[in-house]
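In what follows, a single structure is set out as structure tokens and then discussed.
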Amino acid sequence: VCYDAARFTRLDGIDGNHHKQILRNNNVFLDTAKEGEFDWRTPEGRWKDMAYCEQNKAHSLNISKDSLRGRKDILERGYWPLGVIPYGYDKVYTDGVRIVEVKRKDQFKKGRNWHLNLKVNEQEAAIVCEIFQRIFQEGIPLRALAIDLTERGIPSPDNLAGNSKGAWN
């Protein structure tokens, strides 16, 4: 059961057939709230599935193309186009007039036409430099490095609270 066929798969009619074959062989059909039942045992169900598969695949490709175009445009204008902020950076939002600096893991509700830049977080950047130096110059194993950083109380990248309870891995 899915909301619509696109939530089941956005593969085209050929690429998605293997999974549907397994379901059909086990007398399982797809039931969607939006389009209704897709019974792959009947010609009507297969035709309906094929039409929706091709439509959903085309829609998926268009969304991907538009998303990529938008991110590329933002990047070319000098702003950060992605959602995840790398460890070692903080966020700087601007609407062209105002500038708001926000820690990497802190939330900020930006308005329309706000853009994101990155700013080096000196404390985290020093840890990044240490990690690279210890791995590539000293040859320390990754596990030993993670244990050392955790024991020293260095906040891990995934530690939302900003304290030393989050372990490095």
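Of the residues making up region 109-118, just one is touching a strand residue (DSSP E or B) at 6+ places or on another chain (Cβ under 6 Å) and open to solvent by 90 Å² or more (accessible area, probe 1.4 Å), namely K110. Scanning region 37-47 for residues that are out of contact with any strand residue (DSSP E or B) (no Cβ under 6 Å at 6 or more places or on another chain) and open to solvent by less than 60 Å² (accessible area, probe 1.4 Å) yields D39, W40, T42. Select from region 68-91 the residues that are assigned to a helix (DSSP H, G or I) and of a type in the set (D, E, K, R) and write down the one among them that is most open to solvent (accessible area, probe 1.4 Å). For region 68-91, the residue satisfying everything is R69.
G96 passes every criterion in (1) surrounded by fewer than 16 Cβ atoms within 10 Å (Cβ to Cβ); (2) within 21 Å of the chain's Cα centre (by Cα) apart from (2).
Among the residues of region 56-67, is there at least one that is in contact with a Phe, Trp or Tyr (Cβ under 8 Å, 6 or more places away or on another chain) and either surrounded by 12 or more Cβ atoms within 10 Å (Cβ to Cβ) or among the acidic types (D, E) (or both)? Give the derivation first.
Here is the first cut: in region 56-67, the residues in contact with a Phe, Trp or Tyr (Cβ under 8 Å, 6 or more places away or on another chain) are none.
No; the residues of region 56-67 include none that is in contact with a Phe, Trp or Tyr (Cβ under 8 Å, 6 or more places away or on another chain) and either surrounded by 12 or more Cβ atoms within 10 Å (Cβ to Cβ) or among the acidic types (D, E) (or both).
Restricting region 119-128 to residues that are assigned to a helix (DSSP H, G or I) and open to solvent by 70 Å² or more (accessible area, probe 1.4 Å) leaves a set whose member that is farthest from E76 (Cα to Cα) is Q123. Quick check, is V100 touching a Ser or Thr at 6+ places or on another chain (Cβ under 8 Å), at pLDDT 90 or above and outside any helix (DSSP H, G or I)? Judged against the criteria, V100 is a match. Of the numbered criteria (1) open to solvent by less than 70 Å² (accessible area, probe 1.4 Å); (2) at pLDDT below 90, the one D106 fails is (1). Note on region 129-155: among residues that are farther than 14 Å from W168 by Cα and assigned to a loop (DSSP other than H, G, I, E, B), the one that is least open to solvent (accessible area, probe 1.4 Å) is I140.
For region 23-35, the tally of residues that are closer than 27 Å to S64 by Cβ and open to solvent by less than 90 Å² (accessible area, probe 1.4 Å) stands at 5.
The values are calculated or read from the model by the stated rules, or taken from the named source; none is laboratory data. From a predicted model like this one, the values you see are computed outputs, not experimental measurements. As a convention, Cβ positions derive from the backbone with ideal geometry for all residues, glycine included, and neighbour counts pool all protein chains shown. For the accessible areas, the whole protein counts, side chains as well, though only heavy atoms, and no ligand, DNA or RNA atoms are used. Shrake-Rupley method; radii C 1.70, N 1.55, O 1.52, S 1.80 Å.
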